[in-house]
Amino acid sequence: MPLTAGALREMRRLAEETPARRDRHVDLLRAVAIGAVVLGHWLVTHVAYDGRLHGGNALDLVSWTAPFTWLFQVMPLFFLVGGYSNASSLASHRGRGGDTAAWMLRRTDRLLRPTTLLLAVLTAVAVSGNVAGGDPGMVGMAVWLAGIPLWFLAAYLAVVVLTPVTHAVHRRYGLAVPVVLAVLVCVGDAARLTGWAPALGQANYLFAWLAMHQVGFAWQDGRLPARPRVGLPLAAVGATLLVLLTVLGPYPLSMVGANTSPPTLALLALATTQIGLGLAVHDASCRWLRRLRPWTVVVAVNAVIMTIFLWHMTAALIGAVLLYPSGMLAAPPPGTPLWLLLRLPWLVALALVLLGLVAVFGPVERRSGPCPAAGARAGTVAGVLACSGMAVALAGLLGIAMAGPGDHGVTGMPVVAVAGYFAGATTLRLTRARSRRAQS
């Protein structure tokens, strides 16, 4: 989003016109969650240059950084907020007489438009680099680093697609659903940690994120009140369990890596802590966000939230290329006092690069594509096409996210996965346009 006077006036106007019924705390939590992820990724990115750029993750290189992941691993809040927003959106859509197909087409548009743009740019850059004679392994590594956010996006898209079903289950069984999902996570952990059936643990990629999403449903319909008397005990239980599992139990302290690939009971304990704190400060947050200035900032961030998330590792790559070979930043050993001191100019530089990327690519996120109207009915054919397109796009996205670094050919990513994603995304876009025309 360009930082022009017109854009700032637009954000202020949107802030002033916010309906009184909107829960502003939800938007704040979303902005905080994505902001923490971006900041965390940048902080742990270690870059070195000895005639060639290379580096690593400071979490793997500096052991004392592990506890800090408890502060920066806040994707549980993103899934909590996603559950709240998806439940609210689905209920509103159905209340106007709309069907599931139209809701799915509308809901996935905001997520897939900026994602498609990112993948198109990465593909074009990779093809150009390989055709120009670049090292295919280095090109693949760069594309993989830039595409790190796609892993969490794939998980979130999966829970969005399942929302019509999981929300129906929630309406019947309520908070029993995330409890059952947490038990399934425990079973998966036990199967993996004991070596009995390690493959079962992979199901936690779905069960854990779904559990957090289901809690968002309960917050939205009032089954889980956003009050200190509910949130603080919940946070205390989560924090106690987290300490027991990591300090005394078999789980590592770091909430990045082993506790997220796949998600574990320890991550659910952290999620419980964060959710409890988020609920506890709800009323105070809402009072603060009635002030125009902080609310305008939250509105502005949420207007380009996907662009910020998707492009923040690209900003890190660009920053590394600009700062280290030129000698503008030194590259001391990670964890040393000088390394810590140089984190500040590193963060400032990446923020400026990301600001430029958001200025260029943010308008794509803010500009709505052709979609069925709110409360519309897309019909059976559109429903089949939407499900098919979403399945193919999600499979492609998972294929890209799981490929890892390395030489994946001319596109820098697995060609079949890239083609699958674009085929699915195109199917969804054409189905949206078809449904929109049918209503006009």
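So the values come out like this:
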read-out	value
Amide H partners (placed H, <5 Å) of Gly55, local residues excluded	Ala48
GNM result for the chain, Cα springs below 10 Å: residue of Ser92, Ser254, Ser326 fluctuating most strongly	Ser326
Mean shadow area of the stretch 139-224, taken as a quarter of the surface of its Cα convex hull (nm²)	7.1 nm²
Sorted peptide list for 32-38, 48-54, 62-68, criterion being average Cβ within 10 angstrom, highest first	32-38, 62-68, 48-54
Peptides ranked, highest mean first, by Cβ atoms within 10 Å: ranges 81-90, 354-363	81-90, 354-363
The chain: C-alpha gyration tensor shape, a/c 1.5 cut-off, then a/b vs b/c	rounded
Derived scalar couplings ³J(HN,Hα) [the stretch 300-310; Karplus, 6.51 cos²θ - 1.76 cosθ + 1.60; whole Hz; x for Gly, Pro]	5, 5, 5, 5, 10, 4, 5, 5, 4, 5, 5
Order by protection proxy (mean Cβ within 10 Å, highest first), peptides 301-310, 211-220	211-220, 301-310
Reduced Cα scattering model of the stretch 36-89, Debye log10 I(q)/I(0), q = 0.17, 0.20, 0.22, 0.26 Å⁻¹	-0.66, -0.77, -0.84, -0.99
Length added when fully stretched, Cys286-Thr240, from 0.36 nm per residue minus Cα-Cα	13.8 nm
Mean separation of Cα contacts under 8 Å (6+ apart) over length of the stretch 375-440, as relative contact order %	43 percent
Dimensionless Rg ratio for the stretch 273-408, taking C-alpha atoms and the 2.2 N^0.38 Å reference	1.49
Gyration tensor verdict on the stretch 7-107 (Cα atoms; rounded if a/c is under 1.5, prolate if a/b is larger than b/c, oblate otherwise)	prolate
In order through the stretch 116-125: 3J(HN,Hα) via Karplus (6.51 cos²θ - 1.76 cosθ + 1.60), integer Hz, x for Gly, Pro	4, 4, 4, 5, 5, 5, 4, 5, 4, 5
Estimated vicinal HN-Hα couplings, Hz - the stretch 189-197 in sequence order (Karplus 6.51, -1.76, 1.60; Gly, Pro = x)	4, 4, 5, 7, 5, 7, x, 5, 8
Size of charge dipole - the stretch 1-149 - debye, nearest 20, with Cβ of Lys, Arg +1 and Asp, Glu -1, no other charges	700 debye
Computed FRET value (nearest 0.05) for Ser92 with Val127, which takes r as the C-beta separation and R₀ as 41 Å	0.45
Overall form of the stretch 61-159 per C-alpha gyration tensor (a/c, 1.5; a/b vs b/c)	oblate
Relative contact order (%) - the chain, alpha-carbon pairs under 8 angstrom, separation at least six	30 percent
Neighbourhood net charge (12 Å Cβ-Cβ; Lys/Arg +1, Asp/Glu -1) for Asp283	+4
Point-to-point label distance, Ala423-Val169, nm (Cα→Cβ direction, 7 Å offset)	2.9 nm
Zero-based 5 Å bins, Cα pair distances in the stretch 262-310, whole percents	5, 17, 14, 14, 22, 17, 8, 3, 0
Sites Ala120 and Arg223 - FRET efficiency at Förster radius 25 Å, r taken between beta-carbons, to 0.05	0.05
Calculated FRET value between Leu322 and Leu430, using beta carbons and R₀ = 56 Å, to 0.05	0.90
14 Å beta-carbon shell around Ala15, net charge (K/R +1, D/E -1)	+4
Computed [θ] at 222 nm, deg cm²/dmol, the chain (DSSP H ≥ 4; -39,500 (n - 2.57); rounded to nearest 500)	-23000 deg cm²/dmol
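Every read-out reported here was derived from the displayed coordinates using simple, explicitly stated rules and does not represent laboratory data. All values derive from a computational prediction rather than experimental measurement. Heads up, the Cβs are rebuilt from the backbone with ideal geometry, glycines too, and the neighbour counts pull from every protein chain shown.
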